[in-house]
Protein chains: 2
Amino acid sequence: MENKHTIVIDTLGSDKGPEAIIEGAKMVLDEFENINVTLVGDEELIKSKNLPSERIKIIHAPETVTNYDSPVEAFYKKANVSVFKAVEECAKDDSAIGIISAGNTGALLVGTLRYLLNEKRTRPALAAILPNMQHGFTCLVDTGASIDCGPSQLVEFAHLGTDFMRKLYKIESPRVGLLSNGSEPTKGNHLVKETYPLLAKEEGINFIGNIEGTQALSGKCDVLVAEGFAGNQVLKNSEGMAINLITEIIKFGKKTGNEEITKQIAGYIMKTYDFESLGAGIMLGARKLVMKCRGSSGPVAIKNTAKILANIIANKTFYE
Amino acid sequence: MENKHTIVIDTLGSDKGPEAIIEGAKMVLDEFENINVTLVGDEELIKSKNLPSERIKIIHAPETVTNYDSPVEAFYKKANVSVFKAVEECAKDDSAIGIISAGNTGALLVGTLRYLLNEKRTRPALAAILPNMQHGFTCLVDTGASIDCGPSQLVEFAHLGTDFMRKLYKIESPRVGLLSNGSEPTKGNHLVKETYPLLAKEEGINFIGNIEGTQALSGKCDVLVAEGFAGNQVLKNSEGMAINLITEIIKFGKKTGNEEITKQIAGYIMKTYDFESLGAGIMLGARKLVMKCRGSSGPVAIKNTAKILANIIANKTFYE
């Protein structure tokens with residue numbers, strides 16, 4: 001008999017409302033026979049959706065951490081915050097392989113720090129696994145969980161990304177690049193200039209030097225290390241440009257009467273650069289799989305993120 | 001009789017070598033009858049190219065500032081650096097409307113600080129005028145001249161960008177956005193969080209709040225303020241993504257036998273997002289027009305940058 005796994009889903013925090021997330025949980029149950037879900041949020045609302053009761057567990061925790069709250073304060077002051085309860089449940093339940101949340105990133109980080117640190121007790125980092133131009137994937141770390149960083153944190157990011165790409169993509173010695181404003185070793189802000197020599201001499205890190213923005217998704221490196229603020233720019237700007245250009249292509253098709261082919265091209269690009277459903281972040285360094293979906297996530301994004309968890313558990317790569 | 005203008009061109013510092021820049025100068029002379037050029041660099045090499053002697057002046061200054069030099073040190077230690085001599089000449093020559101350089105950005109900033117400060121004596125900032133999704137242009141400032149900044153510098157960037165967009169694009173009250181990792185006022189790194197309230201209360205600034213990476217070129221703001229390191233990511237990442245997607249489109253055309261139409265689409269996109277020739281930076285806050293071409297610039301980039309200068313002098317917008 002195949003092992004049953006549980007995925008904990010935080011139903012609160014998405015811009016689309018808890019209904020969208022619960023709908024996503026339904027899709028997860030439909031698609032993955034060996035996965036049960038634990039739903040955390042407003043018990044009454046969840047119950048009203050009539051999911052198969054033998055495959056779900058409900059935890060009542062109706063409070064949220066908004067973008068206007070301090071996550072740390074919320075952790076100590078609010079009693080029933082869904083994201084914190086969800087991470088706690090994930091830590092306690094042996095059958096739980098991970099948690100999915102579309103809520104506040106900082107709150108997810110605080111919950112992970114509190115309940116799901118691994119044996120090394122490194123501060124976790126939020127990574128995105130992005131398609132690159134060499135038909136592989138680049139692990140961008142951090143994408144916004146740690147906005148202001150010091151050099152030693154960036155070295156930790158390098159280790160977290162290296163471990164992840166080695167384990168998941170079977171790359172023996174992942175190439176690590178440092179995001180900078182030029183490829184020369186002399187380029188960078190204070191942080192990058194301090195971090196460069198540390199990475200160059202760090203054992204277990206295959207450091208290939210600075211990577212500038214034009215090359216971020218070129219495939220030159222397997223792990224791209226950045227402070228959360230800058231990494232967030234790379235992630236979101238890439239997404240914004242993909243959306244802008246797809247819009248332009250569609251417009252061009254309409255204007256010139258080539259709608260059929262431009263739709264095909266847009267579809268082809270979106271298959272690779274569909275940040276909406278592919279763009280789930282993973283909290284590296286946690287003891288279980290902690291997945292951050294973007295705030296705009298709908299049902300499909302939740303289902304696709306569950307698929308990533310299923311892939312990882314089955315020893316496959318991220319997007320199989 | 002029409003007034004003759006002079007453009008000073010630093011021939012050293014491009015990755016493509018001084019020949020490419022001199023070739024660009026030739027194109028400028030061919031295209032703009034009322035513009036003369038002053039060429040700064042290796043006198044013998046420049047002479048060997050036989051440009052029309054009545055329309056050029058040559059200044060011998062064969063030294064360069066490399067990406068491995070400190071620009072400030074170079075300014076005091078090296079006697080004949082082309083970029084410094086070029087800025088100095090631009091300041092002294094009354095007929096000179098501006099300077100074009102493809103060399104080291106820091107050196108161009110140091111030269112501008114030394115010779116071309118305006119009456120307000122603000123530290124200049126390097127801006128890029130980028131196409132946005134509302135068929136207008138967004139002034140991104142700073143794009144890499146001031147890598148590490150403080151809050152008051154970002155407020156200055158807002159003023160510089162506002163003045164520029166008002167003057168050039170006749171926008172009465174340009175909307176100013178602050179690049180952040182989320183649109184909420186609480187989002188940002190330390191710098192952004194400190195800058196936000198300053199911009200909100202700053203007189204003469206129409207501050208519309210934080211702009212996240214996905215929206216950088218959406219057209220939501222006319223001026224996008226960022227620390228040089230982060231602004232550089234937006235500029236270069238946008239460029240990198242445009243190149244990646246154009247490459248994907250061409251590949252798709254080859255694979256599916258639709259080369260004709262995909263070439264048209266690629267051409268259409270490149271007309272808008274051709275960072276190679278459109279992407280010249282302008283040093284805001286200088287007393288004359290200081291243009292930074294990218295290191296990879298060839299002849300066409302130099303000619304297009306001269307066209308921008310000609311446009312501005314003729315009271316037109318950047319890319320007419």
**Study point:** Filtered residue count, region B:7-36, keeping only those that are under 19 Å from the mean Cα position of the chain (by Cα) and not basic (Lys, Arg)
**Key:** 14
**Study point:** Conditions (1) more than 8 Å from chain A (Cβ to nearest Cβ); (2) modelled with pLDDT of 90 or more; (3) within 22 Å of residue A:133 (Cα to Cα); number of the one not met by residue B:213
**Key:** (1)
Exercise for review: Enumerate the pairs (first residue in region B:175-196 and more than 7 Å from every other protein chain (Cβ to nearest Cβ) and modelled with pLDDT under 95; second residue anywhere and assigned to a strand (DSSP E or B) and surrounded by fewer than 20 Cβ atoms within 10 Å (Cβ to Cβ)) with beta-carbon separation below 8 Å, excluding pairs fewer than 6 apart on the same chain, so at least 6 apart or on different chains.
Suggested key: B:183/B:209; B:185/B:209
Practice item. Of the numbered conditions (1) at the interface with another protein chain (Cβ under 7 Å from one of its Cβ atoms); (2) closer than 29 Å to residue B:271 by Cβ; (3) surrounded by fewer than 24 Cβ atoms within 10 Å (Cβ to Cβ); (4) not polar (S, T, N, Q), residue B:169 fails exactly one; give the number of that condition. Key: (1)
Check your understanding: Right, residue A:237: facing chain B (nearest Cβ under 8 Å) and modelled with pLDDT under 90 or not?
Key -> no
Check your understanding: Would region A:64-81 turn up any residue that is surrounded by 20 or more Cβ atoms within 10 Å (Cβ to Cβ), in a loop (DSSP other than H, G, I, E, B) and touching a residue at least 12 places away in the same chain (Cβ under 8 Å)?
Key -> yes
Review point. If residue B:287 passes every condition in (1) surrounded by fewer than 22 Cβ atoms within 10 Å (Cβ to Cβ); (2) more than 14 Å from every other protein chain (Cβ to nearest Cβ); (3) in contact with a helix residue (DSSP H, G or I) (Cβ under 6 Å, 6 or more places away or on another chain) but one, which one does it miss?
Key: (3)
Check your understanding: Looking at region B:12-32, is at least one residue among the basic types (Lys, Arg), closer than 24 Å to residue B:313 by Cα and either away from every other protein chain (no Cβ under 14 Å) or touching a strand residue (DSSP E or B) at 6+ places or on another chain (Cβ under 7 Å) (or both)?
Key -> yes
Check your understanding: Can you tell me which residues in region A:240-279 are in contact (Cβ under 8 Å) with a residue 60 or more places away in the chain and either of a type in the set (A, V, I, L, M) or more than 8 Å from chain B (Cβ to nearest Cβ) (or both)?
Key -> A:278, A:279
Review point. Do any residues in region B:91-108 that are part of a helix (DSSP H, G or I) have Cβ atoms under 8 Å from those of residues that are of a type in the set (D, E, K, R), where the two are at least six apart or on different chains, and which pairs are they?
Key: B:91/B:287; B:91/B:288; B:105/B:292; B:107/B:69; B:108/B:292
Exercise for review: Answer with yes or no whether residue A:239 is out of contact with any Leu (no Cβ under 8 Å at 6 or more places or on another chain), over 26 Å from residue B:212 (Cβ atoms) and of a type outside the set (Ser, Thr, Tyr).
Suggested key: no
Practice item. Please work out if residue A:146 is outside the structural domain of residue A:70 (by TED's automatic domain parsing) and modelled with pLDDT under 95. Key: yes
Point to revise | Listing of strands (runs of 3 or more DSSP E) fully contained in region B:111-215 that carry 2 or more residues being in contact with a helix residue (DSSP H, G or I) (Cβ under 9 Å, 6 or more places away or on another chain) and of a type in the set (A, V, I, L, M, F, W, C) | key: B:125-131, B:137-141, B:175-180
Review point. Could you give every pair whose Cβ atoms fall below 6 Å, whose first residue belongs to region A:18-47 and is touching a residue at least 24 places away in the same chain (Cβ under 8 Å) and under 19 Å from residue A:295 (Cβ atoms), and whose second residue is among the small types (Gly, Ala, Ser) and in a strand (DSSP E or B), counting only separations of at least 6 or pairs across chains?
Key: A:18/A:41
Point to revise | Some residue of region B:46-58 being within 30 Å of residue A:185 (Cβ to Cβ), assigned to a helix (DSSP H, G or I) and either under 24 Å from the mean Cα position of the chain (by Cα) or at pLDDT below 95 (or both) | key: no
Check your understanding: Pick from region A:216-234 the residues that are in a loop (DSSP other than H, G, I, E, B) and not small (Gly, Ala, Ser): which of them is modelled with the lowest pLDDT?
Key -> A:217
Check your understanding: Say we look at region A:246-263 and pick out the residues that are assigned to a helix (DSSP H, G or I) and crowded, with 16+ Cβ neighbours inside 10 Å; which of these is nearest to the chain's Cα centre (by Cα)?
Key -> A:246
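The values are calculated or read from the model by the stated rules, or taken from the named source; none is laboratory data. For clarity, every value in this text was computed on a predicted model and none was experimentally measured. Neighbour counts are summed over all protein chains in view; Cβ atoms, including those assigned to glycine, are modelled from backbone coordinates with ideal geometry.
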